[in-house]
Amino acid sequence: PIDRVFISYIAGILKVDSPIIPSSHEVKFDYRDWYRSIIQGSEPYISDTYQKFAEPKYNVTAYSFPIVSESDKSLGILVLQIKTNRFLDWLKKVKIGIEGKAFIVDKTGKVIAHPDINPHSAIVDYSDQKDVKKFLSGITGTEIIIDGNEKYISSFEALNSGWGIFTRVPLSEINKDI
């Protein structure tokens with residue numbers, strides 16, 4: 001499900017890509033978190049959700065990897081972009097009761113995939129929501145949250161990525177007679 005692959009110079013300037021998008025060539029992407037993380041740590045990195053630079057614009061996440069020489073000199077960055085709607089396709093296969101929902105946020109609380117949010121619209125920030133705020137502070141698990149609508153909520157981190165996977169089920173649904 002990789003939608004695009006590209007290589008940038010160590011300065012963050014895109015040099016080669018597939019599929020080819022000429023308007024992105026020679027553009028400097030040093031403002032992206034995937035770039036900053038590789039430059040600072042030289043470890044593979046999973047990015048926050050962001051809107052793709054070139055047309056057509058849609059939301060993506062990136063997996064970035066340092067390119068180094070045999071002498072360990074940094075040469076560039078390999079980036080694999082994945083449309084966020086790929087994650088939504090996976091979530092649609094998850095059934096949580098009748099009204100329950102699962103969703104994914106990145107390490108800043110921005111929605112990567114949610115069944116009620118169009119993956120091609122503006123990125124939605126959930127960092128101010130009680131359960132997401134707790135997750136971002138390092139607290140995961142299962143609890144009941146009352147915020148006008150009582151919900152049974154679970155959250156956990158996905159594979160040390162900093163991303164949170166959440167489930168929300170109305171408490172009224174859980175308390176129904178079977």
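The values are calculated or read from the model by the stated rules, or taken from the named source; none is laboratory data. Since the structure is predicted, the reported quantities are computational estimates derived from the model, not experimental observations. Quick reminder, even Gly has a Cβ in these numbers, built from the backbone with ideal geometry, and neighbours come from all protein chains shown. The protein model used for the area step is the full one, side chains on, heavy atoms only, and it has no ligands, DNA or RNA in it. Shrake-Rupley method; radii C 1.70, N 1.55, O 1.52, S 1.80 Å.
With just the Cα atoms defining each centre, how far is the stretch 43-65 from the stretch 133-173? Give it in Å. Each part reduced to its Cα centre gives a spacing of 25 Å. Accessible surface calculations at 1.4 Å, restricted to protein heavy atoms, place the chain at 56 Å² per residue. Straight-line cross-link reach from LYS151 at under 22 Å between alpha-carbon atoms covers these lysines, not counting any fewer than eight positions away in the same chain: LYS92, LYS93, LYS95, LYS101, LYS110, LYS130, LYS133, LYS134, LYS176. Under the convention that each Lys and Arg Cβ holds +1 and each Asp and Glu Cβ holds -1, the size of the dipole of the chain around its Cα centre is about 240 debye.
For every helix of n ≥ 4 consecutive DSSP H residues, a contribution of -39,500 (n - 2.57) applies; sum these over the chain, divide by its total residues, and give [θ] at 222 nm rounded to the nearest 500 deg cm²/dmol.
-3500 deg cm²/dmol, from helical runs alone.
Surface composition of the chain: carbon plus sulfur atoms contribute 56% of the solvent-accessible area (1.4 Å probe, protein chains only, all chains present). GNM on the chain, alpha-carbon springs under 10 angstrom: the most fluctuating residue among GLN51, GLN40, GLN81 is GLN40. Once you've got the GNM for the chain with C-alpha springs shorter than 10 Å, pick whichever of TYR31, TYR50, TYR126 has the biggest mean-square fluctuation. Top of the fluctuation ranking is TYR31.
Per residue, the convex hull spanned by the Cα atoms of the chain measures out at 128 cubic angstrom.
Only aspartates and glutamates eight or more places from LYS107 in sequence, or on another chain, were considered; those with a Cα closer than 18 Å are ASP33, GLU43, ASP48, ASP125, ASP128, ASP131, GLU157. A simple count of charges around GLY12, restricted to other residues whose Cβ falls under 12 Å of its Cβ and scoring Lys, Arg +1 and Asp, Glu -1, yields +1.
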